[in-house]
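Derivation of every value follows stated rules applied to the coordinates shown; laboratory data play no part. Quantities reported herein were computed from a predicted structural model and do not represent experimental measurements. Every residue, glycine among them, receives a Cβ derived from its backbone with ideal geometry; neighbour counts consider all protein chains shown.
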Amino acid sequence: MGLDTAQGDVRRWARGLRAYVEYLRSTGVDGFPRAAGVSRSPERARCEARPEPPAPAVPVATASPASVDLFGAAVAGRARTLEELREAIGDCRRCKLWPGRTHIVFGVGNPRAQLMFVGEGPGRDEDLQGEPFVGRAGQLLTDMITRGMRLRREDVYIANVIKCRPPENRNPEPDEIASCEPFLVRQIEIVRPRVIVALGKFAAQTLLRTHLPISQLRGKWHDYRGIKLMPTLHPAYLLRNPADKRLVWADIQLVMAELGIRR
Ligand code: URA
């Protein structure tokens with residue numbers, strides 16, 4: 001590698017790092033906790049014999065994602081519109097899901113929607129069509145929007161935590177969530193909905209940075225960076241447990257009341 005190439009790489013990394021730090025600051029993060037369980041050499045331990053100040057409180061990595069992807073966050077933070085964000089994602093190879101996907105399933109709907117639904121990740125139908133919630137679970141979500149809330153699908157915005165289909169529709173893994181989450185965060189920042197409905201445990205736990213089960217989270221308002229967030233059960237779960245549709249309907253009625261939607 002020539003000196004020029006190496007210097008160019010270092011400059012690019014530095015730019016990425018600076019943009020990432022700015023992005024973190026914009027989200028209120030101003031420090032990192034000391035990594036747990038790191039062993040230190042005796043010399044190092046002697047040098048650090050003074051009592052440590054308390055670690056700053058930071059809103060990172062308490063939930064499913066292992067961490068937030070550094071460069072993904074920097075790239076996402078620069079996008080001003082959904083189109084720019086989609087472009088920034090490009091032909092993404094940031095996690096191990098890319099070889100198995102047909103389409104990146106970015107999101108769909110009104111870019112100025114007051115109501116945003118966030119699901120888990122694309123299934124087979126979504127992967128083939130490149131649009132979230134178009135399979136059987138999607139039909140149920142669409143019914144909820146159109147027949148339940150009397151809105152059109154085009155009135156709301158729909159996205160997922162991860163944008164590529166996991167093999168055999170398995171659960172998203174922490175590293176996959178970490179790679180993809182900056183793009184969801186930016187989607188939310190750009191759309192700036194009044195209310196987010198988190199569909200199922202992965203969406204709710206990822207956005208709320210919690211491990212609490214969906215049964216404890218649903219039915220109550222939570223705060224996501226100043227936006228009201230209502231967790232509810234995932235439509236795919238409802239396909240298997242139709243008796244619980246009444247719980248989701250109760251959650252949706254709270255959302256409708258918040259948005260002033262009357263039937
Ligand atoms: N399930 C999800 O969570 N998202 C989709 O887009 C489809 C099914």
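When you count the other C-beta atoms within 10 angstrom of each residue and take the mean per peptide, 196-206, 172-182, 76-86, 128-138 line up highest first as 196-206, 172-182, 128-138, 76-86.
Treating r as the C-beta distance of Arg153 and Arg93 and R0 as 30 Å, the FRET efficiency rounds to 0.50. In this structure, Arg194 and Gln7 have a Cβ-Cβ separation that, at R0 = 45 Å, corresponds to a calculated FRET efficiency of about 0.45. As a calculated quantity, the FRET efficiency between Thr81 and His103 at R0 = 22 Å, using C-beta atoms, amounts to about 0.60. Net charge dipole, segment 178-263: roughly 200 debye, given to the nearest 20, about the Cα centre with Cβ charges of +1 for Lys and Arg and -1 for Asp and Glu. Spin-label pair Trp221-Arg246: with each label point 7 Å from Cα along the Cα-Cβ axis, the two points sit 2.6 nm from one another.
Computed from phi, the 3J(HN,Hα) profile of segment 251-263 under the Karplus parametrisation 6.51, -1.76, 1.60 (θ = phi - 60°) reads 5, 5, 5, 5, 5, 4, 4, 4, 8, x, 8, 10, 8 Hz, with x in place of Gly and Pro. When a/c is below 1.5 the answer is rounded, else prolate if a/b is larger than b/c, else oblate, so apply that to segment 123-263 with a ≥ b ≥ c taken from the square roots of the Cα gyration tensor eigenvalues. Because its axes are fairly even, with a/c under 1.5, segment 123-263 counts as rounded.
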